[in-house]
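Here is the structure we will look at.
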Amino acid sequence: MNKKPRSGHATFYITTPIYYVNDTPHIGHAYTTVAADVLARYHRALGEDVFFLTGVDEHGQKVAEAAAKTGISPKEHVDKMVVSFQDLLMKLNISNNDFVRTTESRHQETVKNVLMALWKKGEIYEGVYEGWYCIPDERFFPEKDLIDGKCPDCHREVSPLSEKNYFFKMGKYQNELRKYVPIPGFIEPSSRRNEILGFLEKPLGDLCISRPKSRLSWGIPIPFDPDYVTYVWFDALVNYISMRGYDGTPSSLKGKWPADIHLVGKDILTTHAVYWSTMLMALGLPLPKKIFAHGSLLFVTRGSVWR
């Protein structure tokens, strides 16, 4: 049963991923957003108090590179690109209640508070990363995970890197998460749940959550080390609580969390089911009630391809 607010109506909190603004919106963005909108409207029709969140992810290396190609600053780039995403919502008549930009102060302050809280709890430590980095995915991979020497996700070239960084003790929560994932309804469809269970059969390493400013300056500064910025995925995932007014205390989310459903594409299931879930565990917050990972709509014609 959903929690009841003072009004006596059931609550329903639904999110899309926040979309990356290194390029213009495409059919995949529209698909996820429309699907979330249908669910939001359905629950409003049931008389529930719905909060529907969408928005854009504006930090990271791909954004910095896209801006550099056009000769403008990253901030100028995101200010320009966000308009096309906002226009898409208007054209599709999307009924979202809020729209997050990760460059907003209300989000950035929450990210810094989360980082500081985890740092003080000993959930973040300083270390040296040596491995392979995929720029398109903005992720590190150990050599054993590469496929034919390339990124296992996007199959593009990776680059060797060795540098000091900060790490979140994600591996600490592997057993707890492995027990949680099989809970009915947490990850759907069942094929995606099995995918995550398979992922958790391998040792779960710790998560590199920083980038040195000497290599990437476009990001939220790490509050305990100004020479570093926050890894774009750690930054982005926090939006689900930053837009609900999280101030570092569980009471600030009373009646507003957990989310009823995170609607995501299958390509970002691991970051939501593993990265985000372990972050919440470390913060002492409940996990979302459901993470639904849909397939990919590649184009729309009479012979549309779905996979």
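Residues in region 204-225 that are buried (at least 21 other Cβ atoms within 10 Å of the Cβ), in a loop (DSSP other than H, G, I, E, B) and of a type outside the set (A, V, I, L, M, F, W, C): GLY219 only. Restricting attention to region 249-277, which residues are under 22 Å from ASN194 (Cβ atoms) and charged (D, E, K, R)? Within region 249-277, LYS266, ASP267 qualify. For region 68-100, a residue qualifies if it is over 20 Å from the mean Cα position of the chain (by Cα) and polar (S, T, N, Q), and the qualifying residues are THR70, SER73, SER84, ASN93, SER95. Taking strands (runs of 3 or more DSSP E) as the structural unit, those lying wholly within region 76-166 and holding at least 3 residues that are in contact (Cβ under 8 Å) with a residue 12 or more places away in the chain and surrounded by fewer than 18 Cβ atoms within 10 Å (Cβ to Cβ) correspond to 124-134. Residue check: ASP235 meets all listed conditions (1) within 29 Å of ASP98 (Cα to Cα); (2) of a type outside the set (Lys, Arg); (3) assigned to a loop (DSSP other than H, G, I, E, B) but one, namely (3).
Scanning region 250-302 for residues that are touching a Ser or Thr at 6+ places or on another chain (Cβ under 8 Å), in a strand (DSSP E or B) and among the small types (Gly, Ala, Ser) yields one hit, GLY265.
Would you confirm whether any residue within region 108-117 is more than 24 Å from LEU53 (Cα to Cα) and of a type outside the set (Ser, Thr, Tyr)? There is at least one residue in region 108-117 that is more than 24 Å from LEU53 (Cα to Cα) and of a type outside the set (Ser, Thr, Tyr).
For region 226-270, enumerate the residues that are surrounded by fewer than 18 Cβ atoms within 10 Å (Cβ to Cβ) and free of Cβ contacts under 8 Å to residues at least 60 places away in the same chain. Those that are surrounded by fewer than 18 Cβ atoms within 10 Å (Cβ to Cβ) and free of Cβ contacts under 8 Å to residues at least 60 places away in the same chain: PRO226, ASP227, GLY245, THR249, PRO250, SER251, SER252, LEU253, LYS254. Taking region 55-84 as the range and being of a type in the set (Gly, Ala, Ser) and in contact with a Lys or Arg (Cβ under 7 Å, 6 or more places away or on another chain) as the test, only GLY55 passes.
For region 22-29, does any single residue satisfy the condition of being of a type in the set (D, E, K, R), farther than 28 Å from LEU253 by Cα, exposed (fewer than 13 other Cβ atoms within 10 Å of the Cβ) and modelled with pLDDT of 95 or more? No, that holds for no residue.
PRO17 meets all of the listed conditions (1) surrounded by fewer than 20 Cβ atoms within 10 Å (Cβ to Cβ); (2) modelled with pLDDT of 90 or more but one, namely (1). Of all positions in region 78-88, none carries a residue that is more than 30 Å from ASP37 (Cα to Cα) and either aliphatic (A, V, I, L, M) or at pLDDT below 95 (or both). Annotation note: Cβ proximity below 9 Å between a residue of region 60-71 that is at pLDDT 90 or above and a residue that is of a type in the set (Lys, Arg) and part of a helix (DSSP H, G or I) (sequence gap 6+ or interchain) occurs for ALA67/LYS75; THR70/LYS80.
The values are calculated or read from the model by the stated rules, or taken from the named source; none is laboratory data. Small disclaimer: the values here were computed from a predicted structure and weren't measured. We place every Cβ from the backbone using ideal geometry, glycine too, and count neighbours over all the protein chains shown.
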